[in-house]
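Written out below as structure tokens is the structure these notes cover.
We did not get these values from a lab; they are worked out from the coordinates using the rules stated. Every value quoted in this text rests on a predicted model; they were computed, and no experiment measured them. Cβ coordinates were reconstructed from backbone atoms using ideal geometry, including for glycine residues, and neighbour counts include every protein chain displayed.
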Amino acid sequence: MPSVFTHIINGDLPGHFVWKDEQSVAFLTIQPIRDGHVLVVPRAEVDHWDALPEEIARHLMSVARKIAHGIKAEWNPLRVSLIVAGFEVPHTHLHLIPADDMGDLSFGRARSASKDELAEAASRLRAALRAQGNAEAEF
């Protein structure tokens, strides 16, 4: 059975994308801990991150790094933290979270974001990524 992320990737469910390439996508989470909270997801449905083929694992980390630079440019956090929790959806996903302290990494602080908030954040981040030369943010 396809995961909710596969439905988002396929366009069956809405998603606020900031990155698309042959192996992965990235989109804003509907329950951000902070503004700019992004999920980097492989197109391949693999539940556990440590079961990813090596090439895809390397690719996801490379994409996450590029998106982190965009998050830093747009929201200016002290750090962009990366969390691989994997409990919410059985499809590997990397959480990129702008953070100024450890409290910013608590999933207990997640909130529901409106479509307008997500659309604005996605637009801002895509613009930052394009300004950094990332054609994968052009769509």
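See the values below:
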{"read-out": "√(5λ) per eigenvalue of the Cα gyration tensor, the chain, largest first, Å", "value": "20, 17, 16"}
{"read-out": "Note, ³J(HN,Hα) from phi for the stretch 53-64, Karplus 6.51, -1.76, 1.60, rounded to Hz, x at Gly and Pro", "value": "x, 3, 4, 5, 4, 5, 4, 4, 5, 5, 5, 4"}
{"read-out": "Positive-end extreme of charge dipole, the stretch 14-83 - chosen from Gln31, His69, Ile83 (charges on Cβ)", "value": "His69"}
{"read-out": "Loop-located chymotrypsin sites (Phe, Trp or Tyr not before Pro) in the stretch 44-130 whose Cβ has at most 14 other Cβ within 10 Å (DSSP)", "value": "Phe87"}
{"read-out": "Computed over the stretch 12-125: relative contact order in percent, which uses C-alpha pairs under 8 Å that are six or more apart", "value": "33"}
{"read-out": "Karplus-derived HN-Hα couplings along the stretch 115-130 (A = 6.51, B = -1.76, C = 1.60, θ = phi - 60°), whole Hz, x at Gly and Pro", "value": "4, 5, 4, 5, 4, 5, 4, 5, 4, 4, 5, 4, 4, 5, 5, 5"}
{"read-out": "Percent RCO, i.e. relative contact order, over the stretch 66-139, from Cα pairs under 8 Å lying at least 6 residues apart", "value": "31"}
{"read-out": "Amide proton proximity set for Val46, modelled H, under 5 Å, gap of 5+", "value": "Thr92"}
{"read-out": "Dipole magnitude of the chain about its Cα centre (Cβ charges: Lys, Arg +1; Asp, Glu -1), debye to nearest 20", "value": "340"}
{"read-out": "Integer Hz, Karplus 6.51/-1.76/1.60 couplings in order for the stretch 4-20, x for Gly and Pro", "value": "4, 5, 4, 5, 5, 4, 7, x, 6, 10, x, x, 9, 6, 10, 7, 9"}
{"read-out": "Per-residue [θ]222 nm for the chain (sum of -39500 (n - 2.57) over DSSP H runs n ≥ 4, rounded to 500)", "value": "-10500 deg cm²/dmol"}
